Each structure stands twice: as C-alpha cells, then as structure tokens.
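A single structure is presented below for examination.
The values are calculated or read from the model by the stated rules, or taken from the named source; none is laboratory data. Computed from a predicted structure; not experimentally measured. FYI the Cβ positions are ideal-geometry reconstructions off the backbone, even for glycines, and counts take in every protein chain you see. We work out accessible area using only protein heavy atoms, side chains counted, and drop any ligands, DNA or RNA first. Shrake-Rupley method; radii C 1.70, N 1.55, O 1.52, S 1.80 Å.
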Amino acid sequence: HYYCRQSESIGSTLLGYIGIDTIIEQMRKKTMKAGFDFNIMIVGHSGLGKSTLVNTLFKSQVSRWSSGWGGEHKIPKTVEIKAVSHVIEEGGVKMKLTVIDTPGFGDQINNENCWDPISKYINEQYEKFLKEEVNIARKKRIPDTRVHCCLYFISPTGHSLRQLDIEFMKHLSRVVNIIPVIAKSDTMTPDEKNEFKHRVRKELETHGIEYYPQNEFDDDMEDKNENDKIREAMPFAVVGSDKEFQVNGKRVLGRKTAWGVVEVENPNHCEFALLRDFLIRSHLQDLKEVTHNIHYETYRARRLNDNGGLHPISANNTQESNL
C-alpha cells in the first residue's frame with residue numbers, strides 16, 4: 001500500500017503534464033455548441049410587476065405582453081398557462097429561455113385550488129421528458145421543457161402571507177424549485193421591509209414550506225455556508241423597471257417617485273441585484289440539477305413504480321397528483 005502511494009507521487013512528478021485539466025475546456029466547448037435550456041415560471045396575482053421583473057432580469061423583452069399576448073389585458077376567468085421562448089446569446093453562449101406565465105392566478109373571488117392548472121403543467125413536462133426517456137429509440141438530446149424555477153410573487157402588504165400564498169407553496173414546493181420574492185418593495189420603508197421578510201420566513205418555517213435552495217440538498221459545508229447566507233436574505237425584496245433615468249450622470253434602470261429615483265440595480269435601494277446574481281450568475285446550473293436529480297427523479301420513480309417499471313408510458317395515463 002505504501003509502495004503504491006510512493007510510485008503514484010513519483011510517477012506524476014516524472015511524467016510531467018498529462019492534460020487532465022483540459023476536460024473543463026472540452027465540456028465548455030460541447031455546452032457552447034449545444035446551448036442549453038432554462039425554463040422559469042412566474043406566479044402571483046396581476047399588478048405585481050411579474051412581466052417587468054423578468055424583462056429586467058434578462059435585459060430583454062421576454063414577457064408575454066411584449067409578445068403581443070393579452071390584447072386589452074383582461075383578467076382570465078381561470079388560471080391560464082402561457083409559455084413563450086426566446087434564444088438569448090451572450091459571450092457566445094446560447095440559452096433558450098422559456099418564460100411560463102400564469103395569468104389569472106389569485107385574481108378571482110374564489111381562488112380555491114387555483115394552483116391545480118400550474119401543478120398539472122409542471123407534472124405534464126415531467127411526463128413528456130419521461131416518455132422520451134423510456135422510448136427504445138430515444139433522442140440523443142431530449143428537449144427539456146421541465147420548469148427549473150418558479151418565482152413566486154408575494155404582495156408587499158407588510159403584514160403576513162395570504163392563505164393562498166401558503167397553500168400554493170405548500171402544494172408546489174415538493175414538485176418545483178420555488179423562489180419567493182416580495183414584489184414592488186419600494187412601497188415599504190426599509191424597516192417595514194425587514195420586518196416583513198422576517199415574518200414571511202417565520203411563516204414558511206411554521207408551515208414546513210421549503211423553498212429553494214433547500215437545506216437538505218446542500219452538498220458540502222461550502223455550499224451550506226453560501227446557501228445559508230442566501231436563505232437569511234430571502235425572500236428578496238425586489239423592484240423591476242424597464243425605464244432608464246439619468247442619475248449623477250449615469251443611465252440607470254429605475255422607478256421615479258416624488259422623492260427621487262429608486263435604482264433597480266443599486267443594492268442600497270432594493271435586492272434585485274442579489275436575486276439576479278443568485279438566479280443567473282451563481283445558481284442557474286444548480287436549479288437545473290435539483291430539478292433533474294430531485295423533483296424529476298421523484299416523479300419518475302413514482303410513475304415507473306405505478307407502471308410496473310417496464311413498458312413505455314402512454315400519454316393518456318398521465319397522473320397529476322401532487323406527491
């Protein structure tokens with residue numbers, strides 16, 4: 001055993017550079033060629049600035065209104081699911097971004113079970129992926145329409161979560177990565193904002209609602225420490241805007257108020273930059289992996305178990321239970 005270790009260390013010194021480190025560059029080239037998918041769902045009642053925030057996140061007109069949907073913006077009688085895809089390219093990296101909007105959510109007098117169409121849609125995407133996966137002649141690259149992230153917009157009431165917020169997150173947190181955000185947070189003072197954030201965290205904990213990044217999926221201590229900081233800052237209190245203003249000689253995205261301009265990307269004004277960095281710059285790949293390895297895997301195991309684990313699954317046999 002000692003001899004092995006010795007020869008390993010001597011061998012690596014004698015042989016010099018092998019080139020194992022180029023695997024990272026090989027993976028990068030393959031990913032650059034293929035591009036990748038990212039599917040984000042936005043949920044919350046109308047008037048919370050969902051479309052604006054998503055446009056601001058991706059610095060691009062990716063919301064439903066910009067795609068000519070909705071005409072006179074009537075509130076639908078039931079929850080609708082609207083998905084629109086765009087290819088965004090930056091630094092040679094192509095991303096097919098799909099924004100799944102849910103107009104009509106929470107806008108009715110009776111909102112009982114209004115999350116059902118959303119749950120159904122999420123499970124249908126898992127089913128689609130599974131059907132491709134169990135085919136004998138399956139595609140080399142299965143199109144990925146699974147929802148990687150659900151941005152849930154909380155009203156900036158300053159009081160507490162509505163029953164609908166709690167019910168939605170309770171039902172859906174087990175099937176999708178939920179990131180709660182406090183919308184239009186410039187309507188609250190900094191103290192009100194901090195108190196409200198603290199109260200929301202407490203309520204989620206009381207109801208046993210786990211939001212992304214979930215504690216149990218932290219891989220190691222480094223992950224845990226990084227994610228603990230994020231969890232302590234959540235839900236992010238955000239402001240979205242597609243309008244530019246001149247502030248101290250600089251063009252900034254912001255919202256004009258009687259007291260001045262609320263700068264969207266200024267961390268002293270709101271937590272939009274925190275959300276963007278978390279969602280896109282540090283955790284986008286992890287959101288995709290948790291979706292595949294945890295949420296989809298749970299769905300897949302249950303479906304194959306129900307099906308005897310053998311035969312390709314027929315489209316008519318889709319099960320929509322909430323786990």
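Within the range 108-118, track down each residue that is buried (at least 20 other Cβ atoms within 10 Å of the Cβ) and either in contact with a strand residue (DSSP E or B) (Cβ under 7 Å, 6 or more places away or on another chain) or part of a helix (DSSP H, G or I) (or both). Spell out how you get there, then give the answer.
Taking the range 108-118 and keeping what is buried (at least 20 other Cβ atoms within 10 Å of the Cβ), we get 114-115, 118.
If the condition is that a residue be buried (at least 20 other Cβ atoms within 10 Å of the Cβ) and either in contact with a strand residue (DSSP E or B) (Cβ under 7 Å, 6 or more places away or on another chain) or part of a helix (DSSP H, G or I) (or both), then I118 is the only one that fits.
While we're here: Which of the residues spanning the range 134-148 are without any contact (Cβ under 8 Å) to a residue 40 or more places away in the chain and of a type outside the set (V, I, T)?
Keep residues of the range 134-148 that are without any contact (Cβ under 8 Å) to a residue 40 or more places away in the chain, which gives 137-140, 142.
Answer for the range 134-148, where residues must be without any contact (Cβ under 8 Å) to a residue 40 or more places away in the chain and of a type outside the set (V, I, T): A137, R138, K139, K140.
A follow-up question, please. Looking at this structure, is K224 within 20 Å of the chain's Cα centre (by Cα), surrounded by 12 or more Cβ atoms within 10 Å (Cβ to Cβ), under 19 Å from F153 (Cα atoms) and not aliphatic (A, V, I, L, M)?
It is false that K224 is within 20 Å of the chain's Cα centre (by Cα), surrounded by 12 or more Cβ atoms within 10 Å (Cβ to Cβ), under 19 Å from F153 (Cα atoms) and not aliphatic (A, V, I, L, M).
Listed residues R141, R146; which is loosely packed, with under 15 Cβ neighbours inside 10 Å, under 18 Å from E289 (Cα atoms) and among the basic types (K, R)? Break it down stepwise before answering.
Values: R146 fails: loosely packed, with under 15 Cβ neighbours inside 10 Å.
The match here is R141.
Give me a count of the residues in the range 181-201 that are open to solvent by less than 10 Å² (accessible area, probe 1.4 Å) and over 15 Å from F272 (Cβ atoms).
Residues flagged as open to solvent by less than 10 Å² (accessible area, probe 1.4 Å) and over 15 Å from F272 (Cβ atoms) within the range 181-201 amount to 2.
Okay, moving on. Out of the range 208-221, which residues are surrounded by 14 or more Cβ atoms within 10 Å (Cβ to Cβ) and either over 19 Å from C150 (Cβ atoms) or not charged (D, E, K, R) (or both)?
Restricting attention to the range 208-221, the residues satisfying the condition of being surrounded by 14 or more Cβ atoms within 10 Å (Cβ to Cβ) are 209-214, 217-218.
Listed by number, the residues that qualify are I209, Y211, Y212, P213, Q214, F217, D218.
Would you please list the contacts, defined by Cβ atoms under 7 Å and residues six or more apart or on different chains, that run from a residue in the range 181-192 that is closer than 15 Å to R255 by Cα to a residue that is open to solvent by 70 Å² or more (accessible area, probe 1.4 Å) and of a type outside the set (A, V, I, L, M)?
That search, which allows pairs on different chains as well, returns D186/R255.
Same structure, new question: Select the helices (runs of 4 or more DSSP H) contained entirely in the range 1-82, then report the ones holding at least 1 residues which are open to solvent by 50 Å² or more (accessible area, probe 1.4 Å) and modelled with pLDDT under 90.
Numbers: elements: 2-15, 23-34, 50-57.
Output list reads 2-15, 23-34.
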